[in-house]
Amino acid sequence: MKANLRFPGIRLRKVAREEIPSFEQFLGGLILLLIVVIGIGIYVKGKIYDPHTYALDPAALESTRSEVLGKAATVVAEGTSERIGGVVAAAAGAAPVKVLPPMADGFNPMGDTEHYVPDTLFEKINGRAPAYLAFNFQELTTRSFTLDSAAGQFVDVFIFSMDTPKNAFGIFSMERDGSGATVDFVTDGYRSEMGFFYRQGNAYVQVLASDSSAAVMTPAEAFAKALAASLPVDDSGLGASLLPTKYQVANSLNFIQSNAYGLSLMKDVYEAKYNVGGTVLTYFAMDAGSEADAAAAWEEIKGYHTKYADVQQTGDVGGGPFIVSDNFGDWNVLFMNGTILGGVVDSSDRALSYEFVEAQLTGAELDYAEQAPSAAGEGTDAAVSEEGFDDEEY
Amino acid sequence: MKNTEPIKMETSDMTRRQFMRQAVMTGTTLGVALAGGAYLWERKHFVPGFGEREGLSLPSFRVEPNTALPDLAVAHGADRKQVIRAAVDALGGINRYIQKGDVVMIKPNVAFDRPPALCATTHPDALTAIAELCIEAGAKKVIIADNPINSPTSCFLKSGLEAVANNLSLSMQYPESSAFQSLKMEGEILRHWPLFHRPFEQANKVIGISPAKDHNLCYGSLTMKNWYGLLGGRRNQFHQHIHSIISDFALMIQPTLMILDGMSVLMKNGPTGGRLSDVAEMNTVVAGDDMVAMDSYGYVNLLGRDNLDQLGYVHKAHDRGLGNKNWQELKLKEVTI
């Protein structure tokens, strides 16, 4: 080192080095090599870059050409989804597994079990996905099967896992086929012309047949039954018990998650139809959770009916307030009782609606003979009787 | 005391030869690096949403307008194939649209792997009717193409369309990665996006066959919505602006002929359905090339809705001059068989 003449005491390094240590040479070479490797990597990556990478996996496409394996680019491969545990047990008492096996004799998988999570659900049901996501969808497990007994036919099985039984019931009831026939192997389920639909635990199951013939529907039913038996039973959090069962029309129970009847505070509402002596009534109930929340919702109900309907009667029944309103010819009899709000909506029969509500609140027994719904049922202008009302009149 | 002695720069031991050699090596390295960079720089590299990109646009596939013939045909009847033929005949016949030697691309809606009875996809009989008409008109080749977001093979098989293609020897084109090209257009929201383009490289005529369906997000899936199936990538992100993207399809493509199949209409739980009770028999087929008019007609008369104001994409497309939502103003021919 030479002496620094301008800043004595600080020693200058030689600008030009006469020799470079071998380690530094090695390191330099390594960096150069790394740059070359990165360059090659970028080149190769650029060559195979495809903006449609996420559209489809061509390899999967080719492999499914003849076998119809349901594979899209981001479907989680069979058995690898970590989102939730297995959803179905292959046999009674067995641990749940991710793979959906043939649950009945004569079923042959058309491909692998597919799994879809919230981010990929659109790949399976596209524009329908938001409806499921609104009910806190967690994972879809689905598989298709051919049938030994019906050549060319197939059965598609969908298990939509939601976060709670309540939300599973919500999406199930939202899509319900009102003309479906109730099935006896689950609490909430029906048989449609081309499939079976039910809620078991937090799963909403669809077993879709490719045809409405018995040759397909009979084995589909066997599958649906076996699958139901393998799914855990869990009715926790369900509020269907808020509704009476007497006179309830089969397959009419409905769950409204939010904004029921256009009111923001009306949420988690259960609604069903009742055939009372041939007149069909729509009755609902919700548990607000606290008396304060119930009072707030009640104020919203009253405000709405005061503004947009003609409130004809108010008073108390069964220890709580009620109102009767006429909304362009449709009668509403609504009440609050503790944390519960409920009532009959859009009825053609004021007196019967009141009687029905009163019976729910006082425990009185209604005694109407079983009768097919009359032509003057719900939504028609049946005669309105005010007999029996002795409360405050508007 | 201040040191005033000038700083002496250290002299290098480098010779002229060494300097020249190092200068040449440095220059060569820089040159190679620059040349490599220029070579690797992919001018057409496409990242959606970033910067100006090159891309292609689709030509119009419409035929010359004929004022003597109807613009819009509505046919009613019980047999799907016969009703479709009647609708096309009402427009002047298939020869108005397809000539001998044409290569026709038919774009069905094969969005889901569902059986035909559930009406979530183009019905096999509808495809059969149109493909047979094209073949009768002398089409050299009929291509069937769609990009279902789910497994294409499964969708084509379960919808029954693969069987039709096999029976009539139609050319099925699957949406393989290499079949896409970057689209460039000045849509409201659709500007640069991967398009399933390969079928258009051969076809000089394009026919869309759309089932009339309820749709969870846009209320009605009719003719314009059908072209969503040509997009690649993670196209679900457009669901946030569904009316804008659908109206852009009227700008993206001007098909030769559109068929709106309203024989069996998925009235609720769309676009997937799943129950026969979701389906209503409307026994109607609409044909024409004004998708805005057809969607306007279909929403009210096939889906039975009275809130056309909700169908945002129809109004957007109408306001941009891409069609006429007032279908009554078109020359309409209605037939019943």
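Values quoted throughout were computed directly from the atomic coordinates according to the rules given, and no laboratory measurement underlies them. These numbers come from a predicted model, not from an experiment. Cβ placement follows ideal geometry from the backbone for every residue including glycine, while neighbour counts extend to all protein chains displayed.
General remarks:
- Spread of Cα-to-Cα distances over 10 Å intervals beginning at zero, given as percent, for segment A:123-166: 23, 41, 23, 12
- Counting charges near residue B:116 (Lys, Arg +1; Asp, Glu -1) among other residues having Cβ under 9 Å from its Cβ returns a value of +1.
- Peptide B:268-279 has a mean shielding of 6, counted as Cβ atoms of other protein chains within 10 Å of each residue's Cβ.
- Surrounding net charge for residue B:143, when Lys and Arg each add one and Asp and Glu each subtract one, Cβ distance under 12 Å: +2
- Of A:124/B:158; A:267/A:302; A:98/A:267; A:124/B:316, those spanning more than 25 Å from alpha-carbon to alpha-carbon: A:98/A:267; A:124/B:316
- An ellipsoid equivalent to segment A:145-195, defined through the eigenvalues of its Cα gyration tensor, has semi-axes of 24, 15, 10 Å when rounded to whole angstrom and sorted largest first.
- The chymotrypsin sites (Phe, Trp or Tyr not before Pro) of segment A:311-340 that meet both conditions, a loop assignment by DSSP and at most 12 other Cβ atoms within 10 Å of the site Cβ, are A:328.
- Remark: segment A:195-246 is approximated by an ellipsoid whose semi-axes, taken from the C-alpha gyration tensor as √(5λ), come to 27, 14, 9 Å, largest first.
- At 0.890 mPa s and 25 °C, Stokes diffusion of segment A:153-239 via Kirkwood alpha-carbon radius, µm² per second: 192 µm²/s
- Packing-based order for B:254-262, A:247-255, using average beta carbon neighbours within 10 Å, highest first: B:254-262, A:247-255
- GNM result for chain B, Cα springs below 10 Å: residue of B:241, B:76, B:197 fluctuating most strongly: B:241
- Between residue A:30 and residue B:41, the modelled label-to-label distance comes to 3.3 nm, taking each label 7 Å out from Cα in the direction of the beta carbon.
- Cβ-Cβ FRET estimate between residue B:16 and residue B:56, R0 fixed at 41 Å, reported to 0.05: 0.10
- The trypsin sites (Lys or Arg not before Pro) of segment B:84-171 that DSSP puts in a loop, and whose beta carbon has at most 16 other beta carbons within 10 Å, are B:100, B:140.
- Taking every alpha-carbon pair under 8 Å whose residues sit at least 6 apart, segment B:205-337 reaches a relative contact order of 28 percent.
- With a Förster radius of 56 Å applied to the beta-carbon distance between residue A:149 and residue A:299, the computed FRET efficiency rounds to 0.40.
- For segment B:183-234, GluC sites (Glu not before Pro) are listed when DSSP marks them as loop and at most 14 other Cβ atoms sit within 10 Å of their Cβ; the list is B:186.
- Inter-label distance, nm, simple model (7 Å from Cα along the C-beta direction), residue B:23/residue A:362: 11.3 nm
- Sorting A:296-307, B:286-297, A:344-355 by their mean Cβ neighbour count within 10 Å, with the most densely packed peptide first, gives B:286-297, A:344-355, A:296-307.
- Globularity index of segment B:84-200, i.e. its alpha-carbon radius of gyration over 2.2 N^0.38 Å: 1.13
- Peptide-level mean, for B:173-183, of C-beta atoms on other protein chains within 10 Å: 4
- Stokes-Einstein diffusion for chain B at 37 °C, viscosity 0.692 mPa s, with a Kirkwood radius from C-alpha pairs, works out to 150 µm²/s.
- Pair residue A:306, residue B:99: separation of 7 Å Cα→Cβ label points (nm): 7.4 nm
- Semi-axis lengths, Å, segment B:180-337, gyration tensor of Cα atoms, sqrt of 5 times eigenvalues: 24, 18, 16
- Measuring max minus min along each principal axis, the C-alpha atoms of segment A:158-307 give extents of 56, 37, 24 Å (largest first).
- Average projection area in nm² (convex hull over Cα atoms of segment B:187-232, one quarter of hull surface): 4.1 nm²
- Debye-formula intensities of segment B:217-297, expressed as log10 I(q)/I(0) at q = 0.18, 0.23 Å⁻¹, are -0.83, -1.20 (one equal scatterer per alpha-carbon, no solvent).
- Hull shadow area, averaged, segment A:112-191 [alpha-carbon convex hull, nm²]: 6.7 nm²
- FRET efficiency for residue A:44 and residue A:163, using Cβ-Cβ distance with R0 set to 35 Å, rounded to 0.05: 0.20
- The mean number of Cβ atoms from other chains found within 10 Å of a Cβ in peptide B:152-165 is 4, as a whole number.
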